[in-house]
Amino acid sequence: AANEENRKWMRENVPEDSRPASGNPLPPRLFNDSRYLGDYEAFFEARENNAVYAFLGLTAPPGSKEAEALAKQQA
């Protein structure tokens, strides 16, 4: 978060089950508009699983590894 207002918004919008046991949630936290997506570890895991577009709530472009993997799962 670039400024205190954004930092405050992030802290207020991280779901309870994604908060640390003590203290405030620390950046980076990823959101799509106001929908919480996850932290860096969740993003990294999505990247390792070729699921970044799904993680971000986007449609994978045709020909991408993610789109090909999804097509295989649906077949």
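Please treat every number below as a calculation from the coordinates, not as lab data. The shown structure was predicted, so the numbers you read here are calculated from the model rather than taken from an experiment. Cβ: placed from backbone, ideal geometry, glycine included. Neighbour counts: every protein chain shown.
Checked against the criteria, residue 29 counts as in contact with an Asp or Glu (Cβ under 9 Å, 6 or more places away or on another chain), of a type in the set (D, E, K, R), free of Cβ contacts under 8 Å to residues at least 24 places away in the same chain and surrounded by 11 or more Cβ atoms within 10 Å (Cβ to Cβ).
Of the residues making up the range 28-55, those that are in a helix (DSSP H, G or I) and not charged (D, E, K, R) are 40, 42, 43, 44, 46, 52, 53, 54, 55. Just one of (1) exposed (fewer than 14 other Cβ atoms within 10 Å of the Cβ); (2) more than 10 Å from the chain's Cα centre (by Cα); (3) touching a residue at least 12 places away in the same chain (Cβ under 8 Å) fails for residue 51. It is (1). Among the conditions (1) assigned to a helix (DSSP H, G or I); (2) among the polar types (S, T, N, Q); (3) touching a Ser or Thr at 6+ places or on another chain (Cβ under 9 Å), residue 73 misses just one, which is (3).
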